[in-house]
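Only the coordinates and a few stated rules stand behind these numbers; no lab work does. All figures in this text were calculated on a predicted structure; none of them were measured in a lab. Cβ atoms come from the backbone with ideal geometry, glycine included; neighbour counts cover every protein chain shown.
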Amino acid sequence: MPTTVERVAEVWARQADASWSSGSGYLIAPRLLITSTHVLSATGRPEPGAEIKVRTASRTRLWSAACTWSSADPTVDVAVLEITDDDWADPPVAPVRWGRLASRRAEVVCQASGFPEVLAQPDGVRERDQAGGRVNPEAGAKQRRYHLQVLNPPKRRGAGSPWAGMSGAALFADDLLLGVVVADHQGYGGARLLATRAEALFAEPGFLDAITAPAVLEPADLARLFSPPADRRRPRSPAALLRADAEAVRWFTPRDNELARLVGWCSTDEIFDARLVFGAGGLGKTRLARQLVAHLRREGWVTGQVVAENAATLPEEPLSRLRACDRPLLLVVDYAETRPDVVRRLIENVGIDDGGAVRVLMLARSAGQWWQRLTAKSDLMEYALELAELHPLTALPTRTGARETAFREAVVDIAAQLHRVSGLQETRWPDLAAQVAPPDLGGPGYGSLMRLHLSALVGLLQAGPAPAAARSRTPHEKVLMVHENRYWRRTADTVGLAFLSDDTLRNTVTIATLFGASSKSQAVALLSHVLGLRDLGENELLVVHQWLSTLYPSQEGEWGPLEPDRLGEYLVGTHLREWPDLINEPLAAASPTQLHQAFHVLARASGDHPHVGRLLKEQVVGQLARYGPIALQVVIETEQPGYLISALEDGVAGASASDEATLVALAGSFPTGAPALNLLVEPLTRLAISVYGRLTGEGRTNYRPELARAWQNLSDHMREAQRHEEALAARAVALELYRELTGRGSAAAGGAFHAS
C-alpha cells in the first residue's frame with residue numbers, strides 16, 4: 001500500500017498557553033490518523049477536548065479532530081486521532097498493513113513523510129518532505145524504537161532540531177508501516193530519526209481497538225516474498241468470494257485436528273523440517289495453510305505464503321535475509337509440484353542446520369515423481385527432505401451433518417459479503433440466506449470444501465433478483481459462469497470494449513486462465529493471438545489487458561486466472577469443447593513458462609473433460625519437438641498424467657529418424673530413478689526405454705547407461721509387483737547391456753540387481 005500524498009497530514013494542536021504546536025500524521029484508515037503524542041501536548045498527556053486540527057497534504061483546509069487513544073507509556077509517545085469534522089470527505093483508502101523487521105541483517109531501506117519546520121515557507125505553509133534512509137534492525141531494540149539513518153539530512157542550526165515538525169510521521173519499509181517518528185537523535189546531528197516500533201504499539205492496551213480494522217504484524221523486510229494475510233480489496237465478481245485469500249467464509253472447524261497436527265509439527269525441537277500436504281483441488285489445502293500461518297504469526301513466528309511463480313522471480317534481497325530471521329520461520333509454497341525450483345531456492349537460503357527453527361510447508365495436488373526429483377536435486381535437498389512427512393488431505397467426512405453445517409456457515413458468510421461485489425450492492429443478501437436450501441450433500445462431490453462454498457454462492461445468487469435460467473440439475477459451475485459472464489459484459493462495456501462479443505470475452509478469459517502473463521509486453525503479445533482480438537491494434541489490446549487486470553488482479557503476474565481452480569478448469573473444459581482451435585495460436589506463441597502453466601491447467605481439466613485431454617494429446621503428438629519436454633515435466637508434476645503419457649508414447653513411436661534432436665531433448669528430461677508415484681512407474685519407464693533405445697539404435701551409444709538403468713528400474717518394479725517372469729526378462733536385458741558396458745561376466749554388472 002503506497003504512502004499516498006493524501007494520507008500524509010499536518011497535525012496542529014492548541015497548547016495550554018494558547019499557542020499552537022505542529023507535527024505530522026498519517027491516515028491509517030478513513031477518518032483515523034496516527035501521530036506522536038507530544039505533538040498534541042508538551043506534557044505527553046493530551047487534555048480531553050483539546051483543539052486539534054488536521055490538514056492532508058493535497059488540501060488547504062484544516063479539519064477538526066479529536067484524540068481517541070494515546071499511550072500511557074511516555075516512551076511510546078504515539079496517539080490515534082479521529083477526524084470529527086462533519087464536512088470531511090473520506091478519501092478512498094484501505095486500512096494500512098503493519099510490519100516489523102524480522103531479520104537481523106542490517107541496511108533495510110525505509111522512508112517517512114512529514115512536514116518539518118525547516119521547509120516552512122514565508123507564509124507559514126509547509127512543504128512535505130521525505131526522509132529516506134536505512135534502518136539497522138538491532139539498533140534501538142531495548143527502547144523498542146527503530147533508528148532511521150537519513151540520507152542527505154538537513155543541517156542543524158542552533159539548539160533546535162532541524163526535524164521539528166516531523167514527529168508523528170509514519171515510517172515505512174516495502175509499503176508496511178513499521179512505526180511512528182517520535183524524536184531526532186541528538187548524537188547524530190540530524191542524521192538519525194527515532195521511531196516507536198509497531199510491535200510496541202500492538203502491545204499497548206487499547207491500541208488495536210482504537211485503530212478499528214483487523215491488524216497483524218507482517219515481516220516488512222520479507223514482504224516481497226509473501227502474499228498479504230488477506231485480500232481486503234473489494235471483490236470484483238461473485239467468484240472472487242470463493243478464493244482462499246478473500247477469507248469470505250469462516251474457518252472450517254472440523255479441520256481443527258489437521259491444524260493441530262501442523263501446529264504440533266512446528267512445535268518440535270527440530271531445527272529444520274519440511275512437510276508436504278497433498279490432495280485433490282478444493283479440499284482446503286490453501287485454507288489450512290493460511291490458518292496455520294495466522295496461528296503461528298500470533299505466536300510470534302515469521303511466516304507467509306511464498307508467491308513467486310518460479311525461482312527466477314524470487315526477490316533476491318529478502319531471500320538473502322531468511323537465514324538471519326530473529327524468530328522461528330515458516331515458509332508455505334502452494335502448487336509446489338509446479339514450482340520445485342522455488343522450494344529448492346528457499347531451502348538453500350534458510351540454512352537447515354543452524355539458527356532458529358525453520359519449517360517449509362509444501363502444498364500440492366499429488367506426491368508424485370516431482371517430489372522424488374526434488375529430493376534428488378542435490379545432497380542438500382536429499383538431506384533436507386529425506387525425513388519430510390507426506391500428509392494426505394482427505395475429503396470431508398461423509399456424515400452430512402458436518403457438511404450441512406459448513407454449507408449453512410458459507411451461506412451466512414457469503415451473504416454478508418455479496419453487497420461488496422460490483423452490481424450486487426442493492427440487494428439485502430443476508431435476508432435471502434434463509435431461503436437457500438442445501439443440495440443433497442451426501443454425494444462424493446461434496447467432500448470438497450470448495451464445492452460446498454460454490455453451492456452456497458450459487459444458491460444465494462439464484463435467490464437474488466437476477467437468477468440465471470437453469471434446471472435443478474444444472475452444474476453449479478455452469479450457473480456461476482452465467483453470473484460471471486454478466487460481470488465480464490458489464491465491466492467490458494464501461495471501459496470501451498462494448499464492441500467485443502460475449503464469445504470474444506469468454507475466449508479472452510479462457511486464454512488468460514490457461515497461460516497467464518509475467519509482463520505487460522508478454523500480455524499484449526498473447527492477447528494478439530486470441531480469436532476475436534487478432535485484428536485489434538496495440539492500443540485496444542492494452543485496454544483489454546487493463547480490463548483483465550481489473551477482472552482478476554494477481555500478485556504474481558499481470559493478471560490472474562479465473563479462480564478457484566475448479567471454476568477455471570470448468571471454463572477451459574466447456575469452452576474448448578465449443579472452440580477446440582482456440583488454443584492453437586496461443587500455444588504456438590507462448591513462452592516456456594506459459595506452456596508449463598497451460599499444460600498443467602489442461603491436464604487438470606482433462607479429469608472432468610476428456611475432450612481436453614484429447615486436444616492436449618493431439619498437440620503433443622503433432623509437435624513433439626516443441627511440447628514433448630514440457631509434457632514430460634508436467635507428467636512428473638500433475639495428478640492427471642494419463643493423456644500426456646499416452647501422447648508421449650504415441651509421439652515417440654511415430655518419431656522418424658530425422659527427429660533425433662527431439663528424442664535427445666526428451667532423453668534429457670527423464671528422471672534418473674524410478675518414479676515414486678506407482679501409477680507412473682511402468683508407463684514412464686517404458687517410455688524412457690523407448691527413447692533411449694531409439695537413440696542407441698541410431699548410433700548414440702552414450703545413452704546405453706541410461707537404457708540399462710531404465711531396464712533395471714523396470715525389472716525392480718515388476719519384481720515388487722510380483723510379476724516375476726516379466727521381471728526376469730527385463731533383468732536379462734539390463735544385465736546384457738551392463739555387460740556390454742563393463743565387460744562380459746563383470747561382477748559389478750551382475751551385482752547391480754536384487755535376486756528375484
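If you find the alpha carbon centre of segment 597-649 and of segment 15-58, how far apart are they in angstrom? Going from one Cα centre to the other spans 63 Å. Per-residue 3J(HN,Hα) values for segment 551-557, derived from phi via the Karplus relation 6.51 cos²θ - 1.76 cosθ + 1.60 with θ = phi - 60°, read 4, 9, x, 10, 7, 10, x Hz in sequence order (x marks Gly and Pro). Grab the other residues whose beta carbon is less than 12 angstrom from that of Gln149, score K and R as +1, D and E as -1, and report the net. Taking every other residue near Gln149 into account, the sum is +1. The spacing between segment 713-745 and segment 66-108, judged by their C-alpha centroids, is 71 Å. With the dipole of segment 563-750 worked out from charges on the C-beta (+1 for Lys and Arg, -1 for Asp and Glu) around the Cα centre, which of Ala605, Gln623, Val652 lies farthest toward the positive end? The Cα lying farthest towards the positive end belongs to Val652.
Among Ala29, Ala173, Ala246, flag the residue with its Cα farthest along the positive direction of the charge dipole of the chain, charges on Cβ as +1 for Lys/Arg and -1 for Asp/Glu. The one lying farthest along the dipole's positive direction is Ala29.
I need Glu316, Glu409 ordered by Cβ neighbour count within 10 Å, fewest first. Before the final figure, lay out the partial values.
On the way: Glu316 10, Glu409 18.
Ranking Glu316, Glu409 by Cβ neighbours within 10 Å, fewest first, gives Glu316, Glu409.
Each principal axis of the Cα atoms in the chain has its own extent, and those three values, largest first, are 103, 64, 56 angstrom.
In debye, nearest 20, what is the charge dipole magnitude of segment 268-392 about its Cα centre with +1 on Lys and Arg Cβ and -1 on Asp and Glu Cβ, if you could check? List each step's numbers first, then the result.
On the way: 16 positive and 18 negative charges, 124 e Å.
That gives a dipole near 600 debye.
Under a 5 Å amide H cut-off, with hydrogens placed 1.01 Å from N, Arg145 pairs with Arg197 among residues at least 5 apart or on other chains.
Projecting the Cα atoms of Val635, Ser501, Ala289 onto the charge dipole of the chain, computed from C-beta unit charges around the Cα centre, puts Ala289 farthest toward the positive end. The relative contact order of segment 80-233 comes to 27 percent, based on Cα pairs under 8 Å that sit 6 or more residues apart. Quick check: the angle from helix 256-266's long axis to the longest principal axis of the chain, C-alpha only, nearest 10 degrees? Helix 256-266 sits at roughly 90 degrees to that axis.
Take the Cα pairs of segment 400-481, get the Kirkwood Rh, then feed it into Stokes-Einstein at 4 °C and 1.567 mPa s and tell me D in µm²/s. Can you show the working numbers first?
On the way: Rh = 12.9 Å.
The Stokes-Einstein estimate is 100 µm²/s.
Dipole magnitude for the chain: computed about the Cα centre from +1 point charges on Lys and Arg Cβ and -1 point charges on Asp and Glu Cβ, it is near 440 debye. In the chain, Cα pairs under 8 Å separated by at least six residues give a relative contact order of 8 percent.
For the chain, the 222 nm mean residue ellipticity estimated from helices alone, with every DSSP H stretch of n ≥ 4 adding -39500 (n - 2.57) and the total spread over all residues, rounds to -12000 deg cm²/dmol. As a proxy for reagent exposure, ranking Trp559, Trp579 by other Cβ atoms within 10 Å from fewest up yields Trp579, Trp559.
Among 207-218, 342-353, sorting by the average number of other beta carbon atoms lying within 10 angstrom of each residue, highest first, gives 342-353, 207-218.
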